[in-house]
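The values are calculated or read from the model by the stated rules, or taken from the named source; none is laboratory data. Just so we're clear, the structure is a prediction, and the values are computed from it rather than from any experiment. Reconstructed Cβ throughout: ideal geometry from the backbone, glycine too, with neighbour counts over all protein chains shown. Surface accessibility is based on the protein's heavy atoms, side chains included, excluding ligands, DNA and RNA. Shrake-Rupley method; radii C 1.70, N 1.55, O 1.52, S 1.80 Å.
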Amino acid sequence: MASQQDLQELIRLMTAGMRVPMKDALGRVKALQTKNLRSIEQIAESPLADVTSAINDAKAARSLHNACKARLKNPSGSATAKRTGSALENPSKRPRQSHDTGFIHGPEPVAPREFEASFALPVETDENVIANTTLLTNRAPLVLAFAVELLRFTMPAQPPSSRLSLAQAVVSANSRSKAVSIGIEKGPSADEQGWGHGQPRVKVMGREVTVLKRGGYEWKGDEEGDEHKTEEGTVKAESVPSSATETGVSQDVSETPTGESPRSWSASQPVTLKQSTFIVRATKITSPSQRQSAIQSLFAAIPSLQGASHNAWAYRVRVPTNLFNATTIREESFDDGESGCGDFLLKNMRETNAVDTLVVMTRWYGGIMLGPDRWRIMRDCLKDALAERLRVTGEQATLGDEAVWGLDLEAMKNKSGTAGSASSRSYEAGVVGMPIHRPEAAKSYLLRSFATRVDNPGGAAGDADAAQGSPTKSTPKKKTAKALEVEKEENVARLLGALRLLYESWVGHLSAAELDRRAWGWYVAVRPDVESGPSGWGAKGHLQLASILALRRKE
């Protein structure tokens, strides 16, 4: 059976070697698979008639058949066969290779933690500093900031590089539709023309973007697994009992009060971040009345759990309705002081169709607030605990935490007909021939787009001046380049801090889908005022960060 690598090589041959548009290449690959032709070798060794019957295009079938044969004869020569002469003569002008560990091409891989650390963004959460800040900017980078920070809460499992890529995809799609609406550009977009056909899609700020899965890419943030914590002595016994390291599946922890056989629990691997440790356990129950006895038996078997900071729980059970033998799902949850945890557990159990299941989320609080990272850790622990306990009806569901890239469909469309595009595409894509929105470019764009700050030393009066579009007088002293760079980072930190405070005030009260839906309305409410039509394209205006803080949920 052909591997995923074989399919990637086949797609690469079609797009980079034969310059077949990606949507056509994907269609041909799917058609070839129906004839059990899944690799370059299989196509080369099969009769031309079989290839023609799969593709239904004699000319295209012959070209592909010959290309596959040529690849088998000269595997190493294909990489440079389609490069332009200048690229071969001057290596310094070759496309820059990516440092992403998820890429096929590039130098020696970088560890995910080190790679993701390079995309860390500054954040300032001092409300007084934020409230007295006004920035001069245009609208596009503000959309980027809104989307990047939003994804911390709606897709916490996505690594920072993916959040930047997805956010830039939103900016690109929004800018394209805006340009068409005001007459700057014409014609259908690459998405409308089907360039993203066959790829998964996600919704960010109400806009669907096409994504590329980063197969096998794993990122765990700053948290650590605890299977070796006790041996290394890095976790204090009084803060995290040894029971936290008792992981595994099918733990028979106790007998039920009625003397029945021991109850079997599944346990996730403990995860520690900033001295807080999380672990989730799951077991089967068939009636709501079994919930209390199940938890009591767990605490009796592992007494140290009662000393944890929180023991939140949730269950979903199928119960009869006395109506034609029909059943319904009954569910209940309890936070135990971990705000929003019960509802979060239930939401993820619904997404995986987990029924007849009770889960207990235990946390030893380390004294440091984790923000949205706690949701990602809870989700990961819950997924581990449910691995052997899921009762899935219909199609298998997943928690949707696989890392993705935002695809750059416009670049894919534009480069499909340009000379020398094959080699350039191969270095810009997570899979050869599929350009993505680079996280490095998105971060750079974000940091340079908020360079100008209009301070409001006059308090309310200064706010009124800013609202009327009158910047305060700049200081006569010219700032050094270093001072300007520091100010840029401070500006971005204040903006992202304002957005984080906004989202944090709502995340415990709204679902991820509802938070995503409202984010666009919040952006519209605070975006800079510019002229409508082409004259306002790219124009700058004042952004008062106090207006973002005013959108927070009122307690």
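Length gained on full extension, A550 to E185: 127.8 nm, using 0.36 nm per residue less the C-alpha separation. Is there a pair in K30/K383; K23/K59; K30/K178; K415/K488 whose C-alpha atoms are over 24 Å apart, and which pairs would that be? Cα-Cα > 24 Å for K30/K383; K30/K178; K415/K488; rest within. In order along the range 115-131, the phi-based Karplus estimate (6.51 cos²θ - 1.76 cosθ + 1.60, θ = phi - 60°) of 3J(HN,Hα) comes to 5, 5, 4, 6, 9, 5, 10, x, 9, 10, 10, 6, 4, 5, 5, 5, 4 Hz; Gly and Pro are listed as x. The alpha carbon gyration tensor of the range 508-555 gives principal lengths a ≥ b ≥ c with a/c of 1.5 or higher and a/b no greater than b/c, which makes the shape oblate. Label-to-label distance for L323 and N36 is 5.0 nm, based on points extended 7 Å past Cα in the beta-carbon direction. With 0.36 nm allotted per residue and the present C-alpha distance subtracted, the K479-T286 stretch has 62.6 nm of extension available. Applying the Karplus relation 6.51 cos²θ - 1.76 cosθ + 1.60 with θ = phi - 60° to the range 309-317 yields 3J(HN,Hα) values of 5, 9, 10, 7, 9, 7, 9, 9, 10 Hz, where x marks Gly and Pro. Ligands, DNA and RNA excluded, the heavy atoms of E351 present near 80 Å² of accessible surface to a 1.4 Å solvent probe. Going by a ≥ b ≥ c, the root eigenvalues of the Cα gyration tensor, does the range 115-161 fall in the rounded group (a/c under 1.5), the prolate group (a/b larger than b/c) or the oblate group? It is prolate, given that a/c is not under 1.5 and a/b is the larger ratio. Placing R0 at 56 angstrom, the Cβ-Cβ distance between Y365 and S532 gives a FRET efficiency of 0.65 after rounding to 0.05.
The calculated FRET efficiency for A117 paired with A140, based on their beta-carbon distance and R0 = 35 Å, is about 0.85.
Per-residue packing, averaged as other Cβ atoms within 10 Å, sorts the ranges 118-126, 180-188 into the order 118-126, 180-188, beginning with the highest. Most tightly packed first, judged by the mean number of other beta-carbon atoms within 10 Å of their residues, the peptides 529-538, 54-63, 370-379 read 370-379, 54-63, 529-538.
The slack between N414 and V524, meaning 0.36 nm per residue of separation minus the straight C-alpha distance, is 36.5 nm.
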